[in-house]
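*Asks:* There's a structure below that I have some questions on.
Values quoted throughout were computed directly from the atomic coordinates according to the rules given, and no laboratory measurement underlies them. Since the model is a prediction, treat every value here as computed from it, not as a measurement. Cβ placement follows ideal geometry from the backbone for every residue including glycine, while neighbour counts extend to all protein chains displayed.
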Amino acid sequence: MQDYTALYGFRTGLLQRLAGEDIEAFLVNYLRAEQGRRVAREIYSDPQLEDLAQTPLALYMFAQIAKRSNEALPKNRGILFEVFTDNLLERTDSEWWKILAAPNRRLPSCCAAAPWPAWAWPCKRRKSGLFRAPAGLS
């Protein structure tokens, strides 16, 4: 436990790193057998990925990313968090569009009176600064 100081009055615990069989078992159960084994092979083939995957949170993030994309897994912890967060925000945005774009759906008064069109709501700040409506809804 390098560079760690416990907070006064709080108990601390240390999570044991996951072993290879734990990683594969989780991925096979979470992603289905074939995809889980494929992702496990990708993780085992790279020491950086294997090191990250030994942490339960990072392994869960890998599984979520693999579930939504066939792209290579991020090898850097910062990029892993960025990709995971982008995917999470994208899923949240698409859920809102199901609500806002439904036929005969009235917007709440706070949104209907907004001085900007609904499709321009601030979101995805890092990439474009504006929320863009999905194709066919603008």
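*Asks:* Relative to a virtual label point 7 Å from the Cα of L15 in the Cα→beta-carbon direction, which members of segment 41-68 show backbone nitrogen distances below 16 Å?
*Replies:* Under cut-off, by backbone N: 50-65.
*Asks:* May I pose another question? Among L80, L14, L27, rank each residue by its count of other Cβ atoms within 10 Å, from fewest to most, as a rough exposure measure.
*Replies:* L14, L80, L27
*Asks:* Treat the count of other C-beta atoms within 10 Å as a stand-in for reagent exposure and order F10, F62, F81, F26 from fewest to most.
*Replies:* Lowest to highest Cβ neighbour count: F10, F81, F26, F62.
*Asks:* Can you give the charge dipole size of segment 20-100 about its Cα centre, rounded to the nearest 20 debye, using +1 on the beta carbon of Lys and Arg and -1 on the beta carbon of Asp and Glu?
*Replies:* 240
*Asks:* Where does each of T5, T92 land when they are ranked from fewest to most other beta-carbon atoms within 10 angstrom?
*Replies:* The most exposed by this proxy come first: T5, T92.
*Asks:* Quote to one decimal, in nm, the extra length available between T92 and V28 on full extension: 0.36 nm per residue of separation minus the C-alpha distance between them.
*Replies:* 20.5 nm
*Asks:* Quick query: amide H of T55 versus all other amide H atoms, modeled in the peptide plane; which residues come in under 5 Å with a sequence gap of 5 or more or a different chain?
*Replies:* L18
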